[in-house]
Amino acid sequence: MSPNRKTQKKTTSRVGNSLPTRTETTCCGTPLIYVIAGQDESLCNAQCRELLDTLLEPSQRVTALSEPETASVSACDVLDELRTAPFLADKRVVVLRGAEDFVSANRELLERYFDQPCPTGRLILTVASWDSRTRLAKALPKVGKLISAEPPSRRELPQRLMDYASEAHGKKLGIRDAIQLIELAGDDLMRLYSEVDKLALFVDAEKVITAKHIESLTGHNRMFNAFAVIDAVTAGNLGQAVERLRGMFAEDRSAEYTAVGAFAFHLRRMFSAKALLEKGVSPREVLQRLHIWGDTDGFFAQLRKLSLRQIGAYLQRLAETDHAIKTGRTTTPVAMEQFVLELAGRSAE
């Protein structure tokens, strides 16, 4: 290896691919052009914010950052901005968000710029898609970097949250607790990051975010609502169950994304508790093993009214409901109301 080529430290992005630190280089030198590609605008914007954090100090942004309206700015103005000598910084950064039309309309000019970009300029483009067959796409690796802002798979989410809690807040979040947070808050990445932000403030000086913290802050209302609906179902009061369910959606705008998770979490805990009780485990030990607190008498009262087979059937039906919602065959409020009606029917069997 050449003595001038040093091993550079990398940071892990919380949204997409790894981002360069202020000292990271590509094999051809410092990236001068970044393309952030992804269908989710919020993820693209989050990735862009993280990238800007690596490129400019907050104090430099007044003189070294330009974020023009992409729909109205001319390509000549953008290129002039990139070629202008930086003031009170070592680089000038130009950000164009939602730049698909801009790229299409100015492809020739951009191709010439990609061939010879200004060494003190940094161009950031966010786009919904980036066609690898174009001349721009083929030229990009020589002068810059393509960053994917596609949402992670559900399997990847727990590790993303664990990394985010550590990197953004210096907090430890265990994998089981990360999974619990996903179950309670849904699988939208930006919403989950927001929940971790709130949890980090909630735990204050504590270094570990625990299941109790998550249920106290994120899950309390959702868990209570799911508990209340199931309680009305097992009591044979269908009208009250439906009224409580509708109240969930009326009072909490995020319930459309979190209701299924709240019910799933509560039912899974019921299934585990019922299985332990049938094995002869004492109620007190069940509470300790499953970290159950709050209305424990009400919890065990629900368990006495339902068999393990019934709870398992509820979980299976809820999984089918979740699939129908995610594939767009129904909406969350309609699907969950149908789910509650079916629970009432099965509870009466």
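The values are calculated or read from the model by the stated rules, or taken from the named source; none is laboratory data. Predicted, not measured: the structure shown is a model, and the values here were computed from it. With ideal geometry, Cβ positions are generated from the backbone for all residues, glycine too; neighbour counts draw on all protein chains shown.
Of everything in region 133-152, what is of a type outside the set (Val, Ile, Thr), assigned to a loop (DSSP other than H, G, I, E, B) and modelled with pLDDT of 90 or more? Give them in sequence order.
Just the residues of region 133-152 that are of a type outside the set (Val, Ile, Thr), to begin with: 133, 135-142, 144-146, 148-152.
Among the residues that remain, those that are also assigned to a loop (DSSP other than H, G, I, E, B) are: 133, 149-152.
Correct list: 133 only.
When the residues of region 200-235 are narrowed to those that are under 19 Å from the mean Cα position of the chain (by Cα) and aliphatic (A, V, I, L, M), which ends up modelled with the lowest pLDDT?
Among residues in region 200-235 that are under 19 Å from the mean Cα position of the chain (by Cα) and aliphatic (A, V, I, L, M), the one modelled with the lowest pLDDT is 217.
Here's a check for you: in region 302-330, which residue that is of a type in the set (S, T, N, Q) and loosely packed, with under 12 Cβ neighbours inside 10 Å is farthest from residue 271 (Cα to Cα)?
We begin by selecting, within region 302-330, every residue of a type in the set (S, T, N, Q); these are 302, 307, 310, 316, 321, 327, 330.
Now narrow it down to the ones that are loosely packed, with under 12 Cβ neighbours inside 10 Å: 316, 327.
Details: 316: 12, 327: 27 Å.
Filtering first and then ranking leaves 327.
Residue check: is residue 302 over 24 Å from residue 213 (Cβ atoms), without any contact (Cβ under 8 Å) to a residue 40 or more places away in the chain, part of a helix (DSSP H, G or I) and of a type in the set (S, T, N, Q)?
Working: over 24 Å from residue 213 (Cβ atoms): yes; without any contact (Cβ under 8 Å) to a residue 40 or more places away in the chain: no; part of a helix (DSSP H, G or I): yes; of a type in the set (S, T, N, Q): yes.
For residue 302, the condition - over 24 Å from residue 213 (Cβ atoms), without any contact (Cβ under 8 Å) to a residue 40 or more places away in the chain, part of a helix (DSSP H, G or I) and of a type in the set (S, T, N, Q) - is not met.
Across region 262-294, what is the number of residues that are surrounded by 14 or more Cβ atoms within 10 Å (Cβ to Cβ), in contact (Cβ under 8 Å) with a residue 12 or more places away in the chain and closer than 22 Å to residue 183 by Cβ?
Residues in region 262-294 being surrounded by 14 or more Cβ atoms within 10 Å (Cβ to Cβ), in contact (Cβ under 8 Å) with a residue 12 or more places away in the chain and closer than 22 Å to residue 183 by Cβ: 18 in total.
Restricting to region 40-61, count the residues that are in contact with a Pro (Cβ under 8 Å, 6 or more places away or on another chain), crowded, with 19+ Cβ neighbours inside 10 Å and not in a helix (DSSP H, G or I).
The qualifying residues number 0.
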